[in-house]
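Throughout, read-outs are computed from the coordinates displayed, never taken from laboratory work. Keep in mind that this is a model prediction, so the values were computed, not measured. No Cβ is skipped: glycine too gets one built from the backbone with ideal geometry, and neighbour counts run over all protein chains shown.
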Amino acid sequence: MKNLLKRWIVMGVLGLAALSQASATSILFVFNTVHSGDTPGGPAPWVTMTITDISGGVQVSLTNNATNTAGQFISELNLLFDMLPTGSNFSGDPYVQSISLGSYTDASLSFNVEVRFKNAPPTARLLPGDTSTFKLFGVSTSDFAGLNDSAMVHIQGLPLGESGKIIAPEPGSLIAIGTGLISLLGLRRRKK
């Protein structure tokens, strides 16, 4: 039992170290909570997103996870930054239809970036296993609100025919888990 606990603590500390190195330049979000509408088919998380600092802004990579039920596609992504981005670039991305910057509300939540993805023809959709990558300028990862309600995707083609609005828990919850593991390690050392 002690060996198993040691392994879990070491893995948690190593994971926290990797997270702290990555958090300086990027944020990983997993979309696994249904805010409203239908629940997607397949296991959560249904979508993952990485926001990475680049020169003059951030690059966003949004992936419709391959474990999703066939035919489920992402039609919209909403983001909240502490400040309004100054511009965007999605040239070269086959999935983005438009990016709007400004203040708006969706499902009672506030956002300032709305990314719409192509719905037609079906081959142009952001389907399971596909990744969309685009850039937002005038902001950094430190400007991302980072709260539970700061990122939402709309998933279409769900089992009951209704779209699902999916949010991602804040990445800080991973830091809390790592901090707890470090505390356990400290207690263990004190007992010896």
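In nm, to one decimal, how far is the Thr133 label point from the Ser36 one, both placed 7 Å along Cα→Cβ?
Simple spin-label model gives 3.4 nm for this pair.
Among 108-114, 77-83, how do they line up from the highest to the lowest mean number of other beta-carbon atoms within 10 Å?
Details: 108-114: 17.1, 77-83: 19.7.
Per-residue mean Cβ counts within 10 Å order the peptides as 77-83, 108-114.
Positive end of the dipole of the range 28-170, charges at C-beta (+1 Lys, Arg; -1 Asp, Glu), about the Cα centre: which of Ala120, Gln97, Ser163 has its Cα farthest in that direction?
Farthest along the dipole direction, towards plus: Ala120.
Return the sequence-ordered ³J(HN,Hα) values of the range 102-110 in whole Hz as given by the Karplus equation 6.51 cos²θ - 1.76 cosθ + 1.60 applied to θ = phi - 60°, using x for Gly and Pro.
For the range 102-110, the Karplus curve yields x, 8, 7, 10, 9, 6, 6, 10, 9 Hz.
Below 8 Å, C-alpha to C-alpha, sequence gap of six or more: please give me the relative contact order for the range 13-142 in percent.
Reported relative contact order: 30 percent.
Averaged over every viewing direction, what's the projected area of the C-alpha convex hull for the range 28-170? Give it in nm², one decimal, please.
Approximately 7.5 nm², given one-decimal rounding.
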